[in-house]
Amino acid sequence: MIRLSKHQLFALMFIFEVGSTTLFALGIEAKQDAWIVILLALLIGIILVWIYTELQNAFPDKNYVDIAIAILGNKLGIPYVLLTTLGYFWHCARNLREFGELIIITTLPEAKLWFINSIFVLVSLYALIKGIEVLARASEVVIPIIIVFIIGLYILVYLSGDIEISNLTPVLGGGIGPIIKTLPEVSVFPFGEMFVFLMYWNYAGEKRIVRKTAIKTVILSGILLCFTVLMDISVLGAKYTSLATIPLLETVRVVNIGNIITNIDSIAIIIIFLGGFFKMSIYLNAVALAFSSLFKVSNYKLVLVVITAILLWFSLAFESSYAFHKWLFPFDTQYFGIVYTNITPLLLLMIYKIKKKRINF
């Protein structure tokens, strides 16, 4: 039996939440008020976690596939689970593509995308074939590195003297409208994506700590992301932050302390790369788990290999460029992700509560 400790769960969830979010300036459509959007989305994220963990607590030893079928029955549950699994796959492929593009943009401009993505998925496949416990133990090693590097970046940017607090004013200069408009997007990405851990929480060694650990993860990762956006805007300004391909990278490139500490963008790349690897791997494993659970396939490793091959092909064939990738981002959150991360879990919970009340479900 797979068992994950609370420290391993926290490490996996924290790295997942940070994940690819460092590639983007979250909530930047609200300009200098982007940090307010993140804090409000954090509060919504806590509510979403309560909904997810309420479902998990009702079926502590089941993953999301089994939970959905138990509540909806086979006729509705199986089509719903298939659509949800395709959602996992979609986000997994999008993560793979964006980090392949990241390596080409920042470090290996002459490399072929298929080669970069192949290495990325093969390393992930190797780790997952060894078991999710191996990935969880690796996350315990990686999380201190990510936290130290991010805090180190904050300190170095501050010491460089490039921070302009005036870039963060006026607060609510555009009114509450832009904040409300941007809020659903940030609520889904990254906080709503915690939804994927309904495929993992049944492995928790201590079921009672799942909700507390998940909420702590959302709060800490949200605060970290808020500080990151504050740093980006205060250094680059809201307009340039919204236009930058990778805002975090552009921010750290300005660091120059006495002409001694410069060119530290490699630290930002390491943070982004590690977060992306774990996020993509967690989604990939969730897809394999979902198909194995749904179709009762005993050979999980074979399922994982087949899905990895399809994932690699899709990540290369579907998108024409990184510009197209960024253009498609609102679809991920506003028109697609919000349905299966925010709406359907709440509906499932309501159906479960009604059934439990009426027929002692």
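The values are calculated or read from the model by the stated rules, or taken from the named source; none is laboratory data. Predicted model only: the values in this text are computed from it and were never measured. Every residue, glycine among them, receives a Cβ derived from its backbone with ideal geometry; neighbour counts consider all protein chains shown.
Annotation: Ile267 fulfils all but one of (1) in contact with a Gly (Cβ under 8 Å, 6 or more places away or on another chain); (2) at pLDDT 85 or above; (3) over 20 Å from Trp90 (Cα atoms); the unmet one is (2). The number of residues in region 295-309 being touching a residue at least 24 places away in the same chain (Cβ under 8 Å) and among the hydrophobic types (A, V, I, L, M, F, W, C) comes to 3. When Phe89, Phe120 are checked against the criterion of being in contact with a Phe, Trp or Tyr (Cβ under 7 Å, 6 or more places away or on another chain) and either in contact (Cβ under 8 Å) with a residue 24 or more places away in the chain or in a helix (DSSP H, G or I) (or both), Phe120 stands alone in meeting it.
Here Ala68, Ala111 are screened, and the one residue that is within 19 Å of Leu346 (Cβ to Cβ) and of a type in the set (Gly, Ala, Ser) is Ala68.
Within region 142-193, being among the aromatic types (Phe, Trp, Tyr), closer than 30 Å to Trp90 by Cα and assigned to a helix (DSSP H, G or I) holds for Phe149, Phe191. When the residues of region 115-146 are narrowed to those that are more than 19 Å from the chain's Cα centre (by Cα) and among the hydroxyl-bearing types (Ser, Thr, Tyr), which ends up surrounded by the most Cβ atoms within 10 Å (Cβ to Cβ)? Taking the candidates together, the pick is Ser118. What do you reckon, is Leu198 at pLDDT 90 or above and within 18 Å of Asn95 (Cα to Cα)? No.
Are any of the residues in region 134-143 at pLDDT below 90 and among the polar types (S, T, N, Q)? Looking for residues that are at pLDDT below 90 and among the polar types (S, T, N, Q), one finds none in region 134-143, hence no.
Evaluation of Lys279 against the conditions (1) touching a Gly at 6+ places or on another chain (Cβ under 6 Å); (2) at pLDDT below 80 shows that the sole unmet condition is (2).
To keep it simple, each residue is scored yes or no on (1) in a helix (DSSP H, G or I); (2) of a type outside the set (A, V, I, L, M); (3) out of contact with any helix residue (DSSP H, G or I) (no Cβ under 6 Å at 6 or more places or on another chain); (4) modelled with pLDDT of 70 or more.
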residue	(1), (2), (3), (4)
Ile307	yes, no, no, yes
Trp313	yes, yes, yes, yes
Gly337	yes, yes, no, yes
Leu346	yes, no, no, yes
Lys353	yes, yes, yes, yes
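Just one of the listed residues (Glu133, Glu206, Glu140, Glu185) is among the acidic types (Asp, Glu) and touching a Lys or Arg at 6+ places or on another chain (Cβ under 7 Å), and it is Glu206.
For region 272-280, the criterion of being closer than 26 Å to Ala93 by Cβ and among the charged types (D, E, K, R) is satisfied by at least one residue.
Here the condition is being part of a helix (DSSP H, G or I), within 30 Å of Lys357 (Cα to Cα) and at pLDDT 90 or above; of Val81, Val37, it holds for Val81 alone.
Mind checking which residues of region 224-265 are within 23 Å of Thr107 (Cβ to Cβ), outside any loop (DSSP other than H, G, I, E, B) and either of a type in the set (D, E, K, R) or free of Cβ contacts under 8 Å to residues at least 12 places away in the same chain (or both)? Within region 224-265, Asp232, Tyr240, Leu243, Glu250, Asp265 qualify.
Specify the residue that is surrounded by the fewest Cβ atoms within 10 Å (Cβ to Cβ); the eligible residues are those in region 9-29 that are more than 28 Å from Ile71 (Cβ to Cβ) and either modelled with pLDDT of 90 or more or touching a Lys or Arg at 6+ places or on another chain (Cβ under 8 Å) (or both). Full working, then the answer.
Let us first name the residues in region 9-29 that are more than 28 Å from Ile71 (Cβ to Cβ), namely 11, 14-15, 18-29.
Keeping just the survivors that are either modelled with pLDDT of 90 or more or touching a Lys or Arg at 6+ places or on another chain (Cβ under 8 Å) (or both) gives 11, 14-15, 19-20, 29.
Working: Ala11: 25, Phe14: 24, Ile15: 27, Gly19: 25, Ser20: 21, Glu29: 18.
Once the filter is applied, the top-ranked residue is Glu29.
The C-beta contact set for region 155-171 (first residue closer than 23 Å to Ile264 by Cβ and of a type in the set (Gly, Ala, Ser), second residue outside any loop (DSSP other than H, G, I, E, B) and modelled with pLDDT under 85, distance under 6 angstrom, 6+ apart or interchain) comprises Ser160/Ile257.
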